[in-house]
Amino acid sequence: MPNPSLPRQHGKRQDPRERTKNFDEVAQGLGKEEALLEAQRCLNCKNPKCEAACPVNVKIPEFIALLLKDDLKGAASKIMETSLLPAICGRVCPQENHCQGACVLKEKFGPVSIGLLERYTADAARGAGLLAPPKPAAETGLKIACIGSGPSSLSCAAELRRAGHTVVIFEALHDFGGVLRYGIPSFRLPRAVIPAEVQTVKEMGVKFINDTLAGPSLSIEELLKEYDAVYIGSGAGLPTMADIPGENALGVYSANEFLTRINLMEAYNFPHTATPVRAGKDIIVLGGGNSAMDAARCAARLGPQSVRVVYRRSRDEMPARAEEVENAMEEGVVFDFLTMQKEIMTDENGRVKGLKCLKARLGEPDEKGRRKPVIVEGSDFIIPADTVIVAIGQKPNPVIPRSTPVLKMTAHGTIAQDENGATSIPGVFCGGDIARGGATVLLAMKDGITAAHRINKYLHGKIKDIK
Amino acid sequence: MTKNEIINKTDLSASISEFEIYAPLIARSAKAGQFIILRLGEKGERVPVTLVDWDADKGTIAVIIQAVGKSTADFNAMKKGDKFDTVAGPLGAPVEIKKYGVAAVVGGGVGIAEVYPIARALKQAGNRVISVLGARSKDLLILEERMARMSDAFVITTDDGSHGLKGMVTDAVKSLVRQGEKIDAGFIIGPVPMMKFTAKLMKELGIKPYASLNPIMLDGTGMCGCCRVIVDGKVRFACVDGPMFEASNIDFDNLMLRTGEYKQEEKLALEGLSKDHKCKIGLH
């Protein structure tokens, strides 16, 4: 019998004082016993609100029920009916906004720790050799090229392969995973998890090609000669800078550069690795999103005296996950809310020596309903610093659009789509941040899966036309 | 031949080598002014290198590398038959090749290798091509014959006077103009101070200057923003907006500053693991 009043399991976490000395995973997940206790809390609702709230509609009560029957293999397979990247989803999905936010136990007992259960199921099943990728449908003989190997392209490729198509992924970098690899730090998503999930998709039969620039070296037009459809999931890799004086000083990084040096190139091991990073003693991160939290928390692990986040609104308006803000605070990151950057001050060597800021107060809500910051005139003050990391947003990567002039773009630099997710080139679809302009891993995955269904539909239409 | 394999390697000087690499996808799409990323070893650095030549039929590309740091020294220690782990490209915007009229191509040091494909493309587009090549001394001068073949006029300068005129490329440009050459556009690639002063001179002489910038890069695909340069007062990304920019108003001092950011680390990497290096995260 379900027992929602059992104590909610949160899993062990690395102590904040210890974890700033390493890049190991902070949340350590659930053991078997804890997972089974937590699973007992699920009411197995007839009309599960959690499932409806999940962007990829994971069959949550069903996998939890299988877990309770000690059927690890069945539970993992159940998750993989709708999401082929369970170990990643279980870690980086903002469950509080989706499944756990909708759980009926939320108010009275606290929601079932669905994310931790998903993660446990994926890790334990994989560890025991029970995580079997779904068997693809009969071969269709149709070929699809997926550009990028981030969450959207990876999800799209896996779904298309499940439907029996031949799928090839083209990645521009040397390693697979896209933003999961270069953007998300190992203390949130351990490096071993990404290749493990990629391996599952490979075992389904998806072919992975790295170091290849679709667009410049393999045009979309050429791809369409060899493939029946193309999915562009090339992401939002183009940092937005703050457009303030001093932005090209020594010691100023975009969050992407800082995170890429650390996450992809493992600069924290320099000179054992070849790429260095120069984080100073007093580090300021501009912005209030998840990248800002990732950058601040990476910075906190490089032995600084201080890490401060400068954000122009208040804590309530922060786009970052609440959990990540708490993690950062626990790790000693200080937040300067209602503070606007005005100028990066430099010393005689061209290096950052401080950030000139202005105080702000909250004004009227903007078109998205978030209250706009209003500058308090004459409130200038300086925060001393030797490093500034700009984490205020992303624009879509321009490499494919610029090499594909016929591809219709929006005014925001994203690829234009019709209501079916199709681009202006027949047979070419897109999703994730190249279509959204900077969103979350989960929305990117959702786009990839949705696009796979649309591509299926498109290809079936095409087959009918031929017949 | 397998992908990323070194088909041929020629030493052009003690520290400069030319590589022919099998990379068919890049070979058939490369254009003058573009670059590739090379990487060697699992934890290797991503190093941007300008494309010097390419042969779509053979599927090969050519690059010229000067050993200036750990990674480039490792590259130059490779032999025929060895393979790079990453050969990715072509990256960057191609140089606009059209009929400018009289085009001066100015190469300094290993920049001569980078200016060579531009000289060739300009020549093919019907320009009168005047080449000005500068090096510290005779034994560091590369591609002399190949550049001569692409040039209608040809001047060499060396700092020590061991070959050609003793002096700087700017001296050569001045004397060419004095001799009556009406130059319409200049394409400058070399060390930052050389590009700065050549661009300044050309602007004064009424020649439209273009310079190919070489900031530190990481991914080379627009993703990281490490290669920020200031052109006409605006921040641009050299990897996707350049590397060649109209050079009347480039902040070369800022470029110089930013390219020097990791000098200490470069030294540390070259010297190997220093004894007094203290690992902050307790690896050893």
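The figures follow:
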quantity	calculated
Partner lysines for A:Lys342 [C-alpha distance under 23 Å; skip if fewer than 8 residues away on the same chain]	A:Lys281, A:Lys353, A:Lys356, A:Lys359, A:Lys372, A:Lys395, B:Lys234
Cα-based convex hull volume of chain A per residue, rounded to whole Å³	163 Å³
About the Cα centre, charge dipole magnitude for the protein assembly as shown (Lys/Arg +1, Asp/Glu -1 at Cβ), debye	780 debye
Distance histogram for the stretch A:16-127 (every C-alpha pair counted, 5 angstrom bins, percent rounded to whole numbers)	2, 13, 24, 25, 19, 9, 5, 3, 0, 0
Extension gain, A:Leu43 back to A:Asn349 (0.36 nm per residue minus Cα-Cα distance, nm)	103.8 nm
Cα-Cα pairs of the stretch A:309-384 separated by more than 22 Å (percent)	36 percent
Estimated distance in nm for a label pair at B:Asp57 and A:Lys462, the labels positioned 7 Å out from Cα along Cα-to-Cβ	3.4 nm
Computed FRET value (nearest 0.05) for B:Asp184 with A:Lys73, which takes r as the C-beta separation and R₀ as 56 Å	0.20
Debye, to nearest 20: dipole size of the stretch A:136-268, +1 on Lys, Arg Cβ, -1 on Asp, Glu Cβ	360 debye
For the protein assembly as shown, with +1 on Lys and Arg beta carbons and -1 on Asp and Glu, the positive-most of A:Gly177, B:Ala88, A:Leu67 along the dipole	A:Leu67
For chain B, fraction of C-alpha pairs farther apart than 33 Å, in %	21 percent
Residues in the stretch A:19-58 that a label on A:Leu130 would reach, taking backbone N under 19 Å of a point 7 Å out along Cα→Cβ	A:29-42
Compactness of the stretch A:54-200 - radius of gyration and Dmax, Cα, Å	15.8, 53
Scaled radius of gyration (Cα, divided by 2.2 N^0.38 Å) that the stretch A:307-438 gives	1.39
Net charge, B:Lys98 excluded, C-beta distance under 15 Å - Lys, Arg +1, Asp, Glu -1	+3
Fluctuation leader among B:Lys83, B:Lys43, B:Lys203 - chain B, Gaussian network, Cα springs under 10 angstrom	B:Lys43
Kirkwood Rh in Å, taken over all unlike Cα pairs in the stretch B:102-259	15.7 Å
Cα centroid separation - the stretch A:398-448 against the stretch A:35-54, whole Å	34 Å
Estimated distance in nm for a label pair at A:Ser424 and A:Ala138, the labels positioned 7 Å out from Cα along Cα-to-Cβ	4.1 nm
Two-site FRET efficiency, A:Glu96 against A:Glu377, from Cβ-Cβ distance with R₀ of 35 Å, rounded to 0.05	0.40
Pairwise FRET efficiency - A:Glu367 versus B:Ile216, Cβ, R0 = 51 Å, nearest 0.05	0.85
Local net charge near A:Lys207, Cβ-Cβ under 13 Å (Lys/Arg +1, Asp/Glu -1)	0
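Every read-out reported here was derived from the displayed coordinates using simple, explicitly stated rules and does not represent laboratory data. Here the structure is a predicted model, which is why all the values come from computation and not from measurement. FYI the Cβ positions are ideal-geometry reconstructions off the backbone, even for glycines, and counts take in every protein chain you see.
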